[in-house]
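Take a look at the structure set out below.
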Amino acid sequence: MLEAETLLKECSGYLKPDDLARLQSAYQFSELAHHGQFRNSGEPYVSHPVAVAGILAGLHLDAQALTAALLHDVMEDTAVTKAQITDTFGKSVAELVDGVSKLDKIEFESAEKAQAENFRKMLLAMARDVRVILIKLADRLHNMRTLDAVPAHKRRRIARETIEIYAPIANRLGLNNIYQELEDLSFKYLYPDRARVLSKAVTAARGNRREVVGKVLANIEKRLADNGVVAQVQGREKHLHSIYNKMREKHLSFGQVLDVFGFRIIVKDVHACYIALGVLHGL
Ligand code: MN
């Protein structure tokens, strides 16, 4: 219940009271349907759909999508039917839940045979409403976050499927944070030793690099402002798996990966973009 309250609070920032009431009843519906079921972690099952909805609330998805997220496993795992969901929450929500359930099925039947690229295309084609894919990605993200609780022999398969199928989809949809977290979590389960060593190296290098990043950032901002360019400047750190990939593909040592930090400058149009580029070259 606490988690549900946190979810509603988060949504109250951008959803209407009517929508919040509907979410509240979807939560109760889901809790009742999953009653007596538990996650591998021992928590009541409903904590999972609530967490999935929470991830999507972070992306400010609409009320229908969040309602469907709360209900996304009821058709798979309980006696609830699509007709019941239609009656209680409307056709759109029922279609979303049905869409997610169908994706789960093709995963089960053909994940082994399908080549990753074909499989991704199939997933995207099957989910005519992009919200279905978003719910599926949030579902996978929460399952990856809680993978420790899953029996060891299943972890590798789930991690491989995540890095081959779901992370690239998140990347293609521009969901950068989800993409990076999916990749890094998969990396950790696929290659625990490499991930540990690399993570240590990054932490050690970070100490002195952080300062440099701050300085560079301040410099870029000042120069852009001096030249009248209105811009948003962000510094970012390359995520673990992308450092690993670069080392592997280009046969580099960690110390040779020079673009661990990157900067993103967002301006309002192409003209400003070229001016910003010129300013940077001048730095
Ligand atoms: Mn699920």
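The values are calculated or read from the model by the stated rules, or taken from the named source; none is laboratory data. This is a predicted model, so every value here is computed, not measured. For neighbour counting, all protein chains shown are included, and Cβ atoms are generated from backbone atoms with ideal geometry for every residue, glycine included.
Quick look at the numbers
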{"read-out": "Checklist (1) modelled with pLDDT of 90 or more; (2) more than 22 Å from Asn177 (Cα to Cα); (3) β-branched (Val, Ile, Thr) applied to Val212, failing item", "value": "(1)"}
{"read-out": "Cross-chain or 6+ apart pairs with Cβ under 6 Å, the stretch 124-150 first and part of a helix (DSSP H, G or I), then of a type in the set (Val, Ile, Thr) and within 11 Å of the ligand (Cβ to nearest atom)", "value": "Val132/Val100; Ile135/Val100; Lys136/Val100; Ala138/Val52; Asp139/Val52; His142/Val52"}
{"read-out": "Criterion violated by Tyr27 - all others in (1) of a type outside the set (Asp, Glu); (2) within 16 Å of the ligand (Cβ to nearest atom); (3) under 30 Å from Ala152 (Cβ atoms) satisfied", "value": "(3)"}
{"read-out": "Residue that is farther than 24 Å from Gly36 by Cβ and either within 15 Å of the ligand (Cβ to nearest atom) or within 18 Å of the chain's Cα centre (by Cα) (or both), where the choices are Arg160, Arg128", "value": "Arg160"}
{"read-out": "Cross-chain or 6+ apart pairs with Cβ under 6 Å, the stretch 66-93 first and without any contact (Cβ under 8 Å) to a residue 24 or more places away in the chain, then away from the ligand (no atom under 11 Å from the Cβ) and among the small types (Gly, Ala, Ser)", "value": "Lys82/Ala94; Ile85/Ala94; Thr86/Ala94"}
{"read-out": "Lone qualifier among His239, His251 - being in contact (Cβ under 8 Å) with a residue 40 or more places away in the chain and not acidic (Asp, Glu)", "value": "His239"}
{"read-out": "Residues (part of a helix (DSSP H, G or I), more than 11 Å from the ligand (Cβ to nearest atom) and surrounded by fewer than 17 Cβ atoms within 10 Å (Cβ to Cβ)) located in the stretch 66-87", "value": "Lys82, Ala83, Gln84, Thr86, Asp87"}
{"read-out": "For His34: the one exception among (1) within 15 Å of the ligand (Cβ to nearest atom); (2) closer than 21 Å to Leu173 by Cβ; (3) crowded, with 19+ Cβ neighbours inside 10 Å", "value": "(2)"}
{"read-out": "The stretch 133-149, subset within 13 Å of the ligand (Cβ to nearest atom) and of a type in the set (Val, Ile, Thr), residue nearest to the chain's Cα centre (by Cα)", "value": "Ile135"}
{"read-out": "Selection status of Arg128, crowded, with 20+ Cβ neighbours inside 10 Å and under 20 Å from Ala68 (Cβ atoms)", "value": "no"}
{"read-out": "Ala63 vs. criteria away from the ligand (no atom under 16 Å from the Cβ), in contact (Cβ under 8 Å) with a residue 12 or more places away in the chain and farther than 21 Å from Leu141 by Cβ", "value": "no"}
{"read-out": "Failed condition for Ile178, given (1) surrounded by 15 or more Cβ atoms within 10 Å (Cβ to Cβ); (2) outside any helix (DSSP H, G or I)", "value": "(2)"}
{"read-out": "Residue count, the stretch 37-56 (criterion: over 19 Å from Val100 (Cβ atoms) and either within 11 Å of the ligand (Cβ to nearest atom) or in a loop (DSSP other than H, G, I, E, B) (or both))", "value": "4"}
